[in-house]
Amino acid sequence: MLKKTIVYTNFNDEEVTETFWFNLTEAELADFQNSNPDGLSMTQYMQQIYDTKDTQKLYTLMKQILLMTYGEKSADGRHFRKSKEITDDFEHSAAYPVLFVELMSDANKASDFIMQCLPKKLRSSVPDDPAEVQALMEKNRG
């Protein structure tokens, strides 16, 4: 789970600092894999985009990830609510484009954002060394 503070100018022309929450569950990652036509995992799909340098797919994927990870955490930490209404509110907020542009303009920030949204037990299985990540992707592709 990622807690992200975003500073943005709201639609009343006031500067606002607000905290947003982002999270992906193992079930959502499985849904992602089963929803794409090639049955690729998110890692494999991201590698395919990297290999083909398909900026349109990158744009679409980043938007999809932002919207599928956003939710509202309950005060007691028992629930992380996601719904069409919650997602729509975030997508149409003044904070969304600030975060979207930040992630699209810095690959390291985008990668870190995605990693922090993953369940902790999956994060620990992803190597820190970029060469190891590349080897893992190659293995998963073959």
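Observations, loosely collected:
- Relative packing of peptides 109-118, 44-53 - highest average C-beta neighbours within 10 Å first: 109-118, 44-53
- Radius of gyration and Dmax over the Cα atoms of the range 25-129, both given in Å: 14.3, 44
- For the range 12-61, GluC sites (Glu not before Pro) are listed when DSSP marks them as loop and at most 11 other Cβ atoms sit within 10 Å of their Cβ; the list is Glu14.
- Distance violations [Cα-Cα > 18 Å] among Lys73/Lys121; Lys4/Lys109; Lys57/Lys82; Lys63/Lys109; Lys63/Lys120; Lys3/Lys120: Lys73/Lys121; Lys57/Lys82; Lys63/Lys120
- Estimated [θ] at 222 nm from DSSP helical runs (n ≥ 4, -39500 (n - 2.57)) normalised by residues in the chain, nearest 500: -17000 deg cm²/dmol
- Modelled this way, with points 7 Å down the Cα-to-C-beta line, the labels at Phe11 and Glu28 are 2.4 nm from one another.
Every number in this text was worked out from the coordinates using simple rules, so none of it is lab data. Quantities reported herein were computed from a predicted structural model and do not represent experimental measurements. Virtual Cβ from ideal backbone geometry, glycine too; neighbours counted across all protein chains shown.
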